[in-house]
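Engineer: What follows is a structure written as structure tokens; I'll ask about it next.
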Amino acid sequence: MQFASVRTKIIEEFRKRLYVIGIIIICMFAIFFLQLINLQIFQGREFSEKSRMNMENNIPLPASRGEIYDRNFSTDKQNIVLATNRPAFNIIVIPAQYKEKNQFYYAIKNICALLQLPYEEILTDLKSTNPYNRYIIQEDVPFDIVVTIATNQDKFPNIMWEDAPVRVYPFNNMFSHVIGYIGSLTKEEYNTYKDVGYKYYQKIGKAGIERQYDSILRGVDGYVRRIVDAKNRTEGEEIGQHPKSGYNIVLTLDYDVQKTAYTALGDNRGSVIVMKPATGEIISIVSKPDYDPNLIISKNNIKIITELNNDKNKPFLNRAIQSRYPPASTFKLVTSIAALEEEKWDPAITRYCPGKYTLKGYVDRDFYCYQAHGSVNLLWAIARSCSVYFYQLGLKLGPTTIFNYAGYLGLAETSGIDIPGEITGFIPSKKWKLKTFGQPWFDGDTVNLSIGQGFILVTPIGMMDFLSAIVNSGVVFKPHCIKEIRSIDNTSVVSVVIPEKLREIPLSPTTLNTIKQGMRMAVVNGTAARLGYLKVQMCGKTGTAQTRSKRQEDVSQHAWFVGFGPYDSHPEKVVAIVVMVEYGIAGAATAVPIAEQVFTTLIKKGYF
């Protein structure tokens, strides 16, 4: 009985184990079955895609960037294109496609020899990149190079080519600072923009309009699907997705006016801005020295960019919006506005100018005028730029009032122009001087401030905003270079830029009329009399800024001219100009002749 009991227990234990093993086996088969369903049904498409990808190479088709036109665009005529594209080829390689290093080195050495590229540099660059990413060996190669590679695959294994439009700037340097240029994404840029759809191989706007409106201009890339065999040999091609070009842009700039300003500025360093104050439309914006964007848009441009960056003349610097200078006698308009608005001065008051003003103090100090003007009132002081008059006017006002009005008129604020990199002007203060130099503000500082010398600094675009306030009765519109955005085929307008009010400065009509009258007299019989013969009545103010440094030829003064026309006309008909020439001797001698040429072109084109 005992033996039977033991046997029964063993059998029972065996059954239990067999039951457990059966359950485990059933579970394993169930898992295998479920995984089979998962692979075949739920993930089948994904693995099928991966399998297909092992047999395909998707080669990107870069989209053409949108074209850029001048303001006179029309659908029924041939237009002036400021930036366009032309077809070209890039030579590319994907290092991970090579199973053997010797084959990789062999292919790279041969392609470098064909393209006359430094083998060691290319190899080092390739080793530092992701081997699974396409690497552009050379951009913009001629078609015969492609033919050579295609017919000699044994010498160039896995070396591929792609269609890639090349950006072209037909007018070279003329629009370089406003349109800018494009270039390859840096690692920092890629990390910044990859989340918004940018690919590591794409181009991006680096400056100017190209940068500001890159997302509008760049379009959407397509790709070519290349079918390959087990040895990675191409068996066929098909378009996987067609590229979609970017939108086209029409600028507010006028080619003819830009050309005139560019030519008139000549070899001088400086800038010219032409704008319609009633809308903020920039008609021309020139900065010199400049650069040719066609030379720096390729991948292999490091040497050229390094040379430009090291150039002491700073050709990349957009002096219209990125440089600031003493405003010199153009600032006398600010001093005049402060005096009239505060009712601390009657424009009929005269002061005698013997050619200098002596500031009494512990040690008397003489402040000079460029000539003896005799007895002058405010209007003639503006017209003939009499510094002695404004020395006394500035002392009457005091520095705080002048500081306040300079800020009130926006000379230390950005204009918001749609070109990247704008800086602000600088308005000093008593506290700033004490903190910076450890000295109080002296009357001599106020004398200098009243004529735009000393510590105050302005930008040319800041002076344009100030000039616009005079024209528009205190209203300033944001300067802009874009007129409209058009569809890819130019058949429709995607959007139009509406003038945007930047600020509104309450200024009395009496003050503004006085300022305009003084500026008109400067053209009739003052420092800008060279413009008096023009058919349209112009207004203007010259400036000659003393600098704290001298060049070797001992020319140490910057030349300014700010003006507009027609005089006493509705703001919608007015065009304004700001000319700034570094080391230009004097406003009347250098800046006014440039303005004269620009005004002449504006008159011929019917802007007035």
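Engineer: Would you say Pro428 is part of a loop (DSSP other than H, G, I, E, B), more than 33 Å from the chain's Cα centre (by Cα) and either under 26 Å from Phe367 (Cα atoms) or modelled with pLDDT of 95 or more (or both)?
Structural biologist: no
Engineer: Could I ask something else about it? Of the residues in segment 230-247, how many are hydroxyl-bearing (Ser, Thr, Tyr), outside any strand (DSSP E or B) and modelled with pLDDT under 70? First the steps, then the outcome.
Structural biologist: First, the residues of segment 230-247 that are hydroxyl-bearing (Ser, Thr, Tyr): 234, 245, 247.
With outside any strand (DSSP E or B) added as a condition, the list becomes 245, 247.
Remaining after also requiring modelled with pLDDT under 70: none.
So the answer is 0.
Engineer: Of the conditions (1) of a type outside the set (Asp, Glu); (2) outside any loop (DSSP other than H, G, I, E, B); (3) modelled with pLDDT of 85 or more, Thr75 fails just one. Which one is it?
Structural biologist: (2) is the only condition that Thr75 fails.
Engineer: Related question: Restricting attention to segment 568-575, does a residue exist that is closer than 23 Å to Tyr255 by Cβ, assigned to a strand (DSSP E or B) and at pLDDT 95 or above? Spell out how you get there, then give the answer.
Structural biologist: Going through segment 568-575, the residues closer than 23 Å to Tyr255 by Cβ turn out to be 572-575.
Okay, now just the ones that are also assigned to a strand (DSSP E or B), so 575.
Checking the rest, the ones that are also at pLDDT 95 or above come to 575.
The answer is yes; a qualifying residue exists.
Engineer: Among strands (runs of 3 or more DSSP E) lying entirely in segment 456-520, which contain 1 or more residues that are within 24 Å of the chain's Cα centre (by Cα) and exposed (fewer than 14 other Cβ atoms within 10 Å of the Cβ)?
Structural biologist: 493-496, 501-504
Engineer: If you scan segment 558-608, which residues turn out to be among the hydroxyl-bearing types (Ser, Thr, Tyr) and surrounded by fewer than 24 Cβ atoms within 10 Å (Cβ to Cβ)?
Structural biologist: Tyr567, Ser569, Tyr583, Thr600, Thr601, Tyr607
Engineer: Working only within segment 174-208, note down all residues that are hydroxyl-bearing (Ser, Thr, Tyr), in contact with a Phe, Trp or Tyr (Cβ under 7 Å, 6 or more places away or on another chain) and either at pLDDT 90 or above or not assigned by TED's automatic domain parsing to the domain that holds Asp125 (or both).
Structural biologist: Once the filter is applied, which keeps residues that are hydroxyl-bearing (Ser, Thr, Tyr), in contact with a Phe, Trp or Tyr (Cβ under 7 Å, 6 or more places away or on another chain) and either at pLDDT 90 or above or not assigned by TED's automatic domain parsing to the domain that holds Asp125 (or both), segment 174-208 yields only Ser176.
Engineer: Also, I was wondering about something else. Sort out which residues of segment 376-428 are among the small types (Gly, Ala, Ser), in contact with a helix residue (DSSP H, G or I) (Cβ under 6 Å, 6 or more places away or on another chain) and more than 29 Å from Glu484 (Cα to Cα), and write them in order of number. Steps first, answer last, please.
Structural biologist: Going residue by residue through segment 376-428, those that are among the small types (Gly, Ala, Ser) are 381, 383, 385, 387, 394, 398, 406-407, 410, 412, 415-416, 421, 425.
Of the ones still in play, those that are also in contact with a helix residue (DSSP H, G or I) (Cβ under 6 Å, 6 or more places away or on another chain) are 381, 383, 385, 394, 406, 410, 415, 421, 425.
Passing the criteria: Ala381, Ala383, Ser385, Gly394, Ala406, Gly425.
Engineer: If I go through segment 425-449 residue by residue, how many of them are without any contact (Cβ under 8 Å) to a residue 60 or more places away in the chain and within 30 Å of Pro499 (Cβ to Cβ)?
Structural biologist: 1
Engineer: Take segment 171-188 and flag every residue that is over 21 Å from Leu317 (Cβ atoms) and in contact with a strand residue (DSSP E or B) (Cβ under 9 Å, 6 or more places away or on another chain).
Structural biologist: Ser184, Leu185
Engineer: Might you check whether a residue that is of a type in the set (Gly, Ala, Ser) and under 22 Å from the mean Cα position of the chain (by Cα) occurs anywhere in segment 146-168?
Structural biologist: Looking for residues that are of a type in the set (Gly, Ala, Ser) and under 22 Å from the mean Cα position of the chain (by Cα), one finds none in segment 146-168, hence no.
Engineer: Which numbered condition trips up Tyr106, out of (1) without any contact (Cβ under 8 Å) to a residue 40 or more places away in the chain; (2) touching a Pro at 6+ places or on another chain (Cβ under 9 Å); (3) part of a helix (DSSP H, G or I)?
Structural biologist: The number of the failed condition is (1).
Engineer: Looking at segment 342-361, can you tell me whether even one residue there is of a type in the set (D, E, K, R), touching a strand residue (DSSP E or B) at 6+ places or on another chain (Cβ under 8 Å) and farther than 30 Å from Gly208 by Cβ?
Structural biologist: Filtering segment 342-361 for residues of a type in the set (D, E, K, R) gives 342-344, 346, 351, 356, 360.
Imposing the further condition that a residue be touching a strand residue (DSSP E or B) at 6+ places or on another chain (Cβ under 8 Å) reduces the set to 351, 356.
Checking which are farther than 30 Å from Gly208 by Cβ leaves us with 351, 356.
For segment 342-361, residues of a type in the set (D, E, K, R), touching a strand residue (DSSP E or B) at 6+ places or on another chain (Cβ under 8 Å) and farther than 30 Å from Gly208 by Cβ: present.
The values are calculated or read from the model by the stated rules, or taken from the named source; none is laboratory data. Quantities reported herein were computed from a predicted structural model and do not represent experimental measurements. We place every Cβ from the backbone using ideal geometry, glycine too, and count neighbours over all the protein chains shown.
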